[in-house]
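Undergrad: Take a look at the following structure, please.
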Amino acid sequence: MDVDVKTLYFSQEVVEKLKSYVYAYYYPELENEAPFYIGKGKGNRCFQHLLDNGDSEKVRTIKEILDSGKIPRIEIIRHGLEENEALVAESVAIDLLTKDRLTNRQLGHGAKRYGRMNVETLKNIYGSGAPLDIDTIDVPAVLIRVNQAYVPGSSTQEIYDITRGCWKLAIRMAECAKYAFSVHQGVIQEVFEIAAWLRADSTMRADGIEREPYESKLEFVGRLAPQDIRSKYVGKKVSIPEGARNPCIYTRKTKEEFARKLRERVEGA
């Protein structure tokens, strides 16, 4: 597979905000596996290995992935560093496997702001492209801000669990949303299709911890949204109404669906 590396490059605006950084290369289809290469750099250094020649294990691995028609998953482990800080961070990151193999319960300083993220997320956070207006989202959805619970590099299952509950919502309004958008720092991380809303903590989560159900809060169960929906929205910036305090915000389509159902109930009374 021939890759036009320049199409992957960060804009100059993003480069300036990233400063020096530590990056990692992963197999594209393995979410929770260890990276096969870790490096440091600045600018668009993280993409240059896609052009490397030679007979090193790194080059052979990248070539095998490209020959399969895919591109390695590139993530920035830490950014916003001075060059000497990046050197130290790289040496520490060499020992990195995955979160599941580490015993640290506490994230490192600044991890949520400057920690592990894929390159597309960084482009959206730091790029100057206009964010989506929430009212232009053309599906009935609820945007759920997971800023406190989200950890950069979370698996799809982890994003699902922190997104689906627990939320103080009116059941009739919530049931008008077909999709749940998981939003972190104004960027849509994932989109789930909602199957049902239930009492919060009444279903099992991936961590296996038993919890007492909340009577006054809700959680949803569901699945990943169809690929056409995910491709359209995942990784995009979205504008959050100024002053919005509730972490859950409905799109215009959801409000319209609620109004339609309300009219039907009134007319049928």
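The values are calculated or read from the model by the stated rules, or taken from the named source; none is laboratory data. From a predicted model like this one, the values you see are computed outputs, not experimental measurements. Reconstructed Cβ throughout: ideal geometry from the backbone, glycine too, with neighbour counts over all protein chains shown.
Undergrad: Go over the candidates Arg145, Arg172, Arg205 one by one and state the one that is in contact (Cβ under 8 Å) with a residue 24 or more places away in the chain and under 15 Å from the mean Cα position of the chain (by Cα). Walk me through how you get there before you give the answer.
TA: Numbers: Arg172 fails: under 15 Å from the mean Cα position of the chain (by Cα); Arg205 fails: under 15 Å from the mean Cα position of the chain (by Cα).
When all the criteria are applied, what remains is Arg145.
Undergrad: Let me ask something else. Restricting to the range 218-258, what's the tally of residues that are outside any strand (DSSP E or B) and either at pLDDT 95 or above or not small (Gly, Ala, Ser) (or both)?
TA: Narrowing the range 218-258 to residues outside any strand (DSSP E or B): 225-236, 240-247, 251-258.
Filter again for either at pLDDT 95 or above or not small (Gly, Ala, Ser) (or both), leaving 225-230, 232-234, 236, 240-242, 245-247, 251-258.
Residues meeting the conditions: 24.
Here is a yes/no grid of residues against (1) under 22 Å from Val139 (Cβ atoms); (2) of a type in the set (A, V, I, L, M):
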site	(1), (2)
Ser155	no, no
Gly165	yes, no
Ala200	no, yes
Tyr233	yes, no
Ala259	yes, yes
Glu264	yes, no
Gly268	no, no
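Undergrad: Within the range 32-61, which residues are under 18 Å from Ile94 (Cα atoms) and either of a type in the set (A, V, I, L, M, F, W, C) or part of a loop (DSSP other than H, G, I, E, B) (or both)? Can you show your working first?
TA: Taking the range 32-61 and keeping what is under 18 Å from Ile94 (Cα atoms), we get 32-42, 45-46, 49, 56-59, 61.
Of everything in the range 32-61, those that are under 18 Å from Ile94 (Cα atoms) and either of a type in the set (A, V, I, L, M, F, W, C) or part of a loop (DSSP other than H, G, I, E, B) (or both) turn out to be Asn32, Glu33, Ala34, Pro35, Phe36, Ile38, Lys42, Cys46, Ser56, Val59.
Undergrad: Taking the criterion of being surrounded by 16 or more Cβ atoms within 10 Å (Cβ to Cβ), of a type in the set (A, V, I, L, M) and part of a strand (DSSP E or B), would at least one residue in the range 196-211 satisfy it?
TA: Yes: the range 196-211 contains one or more residues that are surrounded by 16 or more Cβ atoms within 10 Å (Cβ to Cβ), of a type in the set (A, V, I, L, M) and part of a strand (DSSP E or B).
Undergrad: Pairs needed: first member in the range 62-80, acidic (Asp, Glu); second member anywhere, in a strand (DSSP E or B); C-beta distance under 6 Å; at least 6 residues apart or different chains.
TA: Qualifying pairs under 6 Å: Glu75/Ala24; Glu75/Asn118.
Undergrad: How about the range 186-217: which of its residues are of a type outside the set (Lys, Arg), within 30 Å of Ile125 (Cα to Cα) and modelled with pLDDT under 85?
TA: Of everything in the range 186-217, those that are of a type outside the set (Lys, Arg), within 30 Å of Ile125 (Cα to Cα) and modelled with pLDDT under 85 turn out to be Ala206, Asp207.
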